[in-house]
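Here the structure comes first, spelled out in structure tokens, and everything after it is commentary.
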Amino acid sequence: MCNKIFIPQVVYIIRGENMAKYRVIIEPRESCISDMVCVSICPDVFEMNPDDNKSQITEKYREGGNIAVGIISDDLLSCAQDAANACPVQIIRIEKIG
Ligand code: SF4
């Protein structure tokens, strides 16, 4: 006699909930020299403000509407960090928040 036990496979697809989050801060934003380095390296996170021609966080990632503070996930950390490292006046800071 042959007994077979079938165990159903359960596949969990987790989208984003378990990803680490990071706060991106441009400070002091007034010190931005408008060379667009961060924008060219990481345009998903950084853009130029058309009014003062200084870098700001793209609307999609802004925290509380603040143009100088954003929240990103792991998928954008590398490009945001590259942009921070390349900023000639070193005003971009990234902090892990969860
Ligand atoms: S890299 Fe730095 S100085 Fe250049 S636009 Fe971005 S924030 Fe401004």
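The values are calculated or read from the model by the stated rules, or taken from the named source; none is laboratory data. A quick note: this is a predicted structure, and the numbers were derived from the prediction, not measured. All Cβ positions, glycine included, derive from the backbone under ideal geometry; neighbour counts span all protein chains shown.
Numbers below:
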item	result
Among the candidates Met48, Met1, Met19, residue that is of a type outside the set (Phe, Trp, Tyr) and at pLDDT 95 or above	Met48
When residues of the range 19-51 are limited to those that are within 8 Å of the ligand (Cβ to nearest atom), of a type outside the set (A, V, I, L, M, F, W, C) and part of a helix (DSSP H, G or I), the one farthest from Ser73 (Cα to Cα)	Ser31
Exclusive hit being within 13 Å of the ligand (Cβ to nearest atom), modelled with pLDDT of 95 or more and not acidic (Asp, Glu), set Ile94, Ile72	Ile94
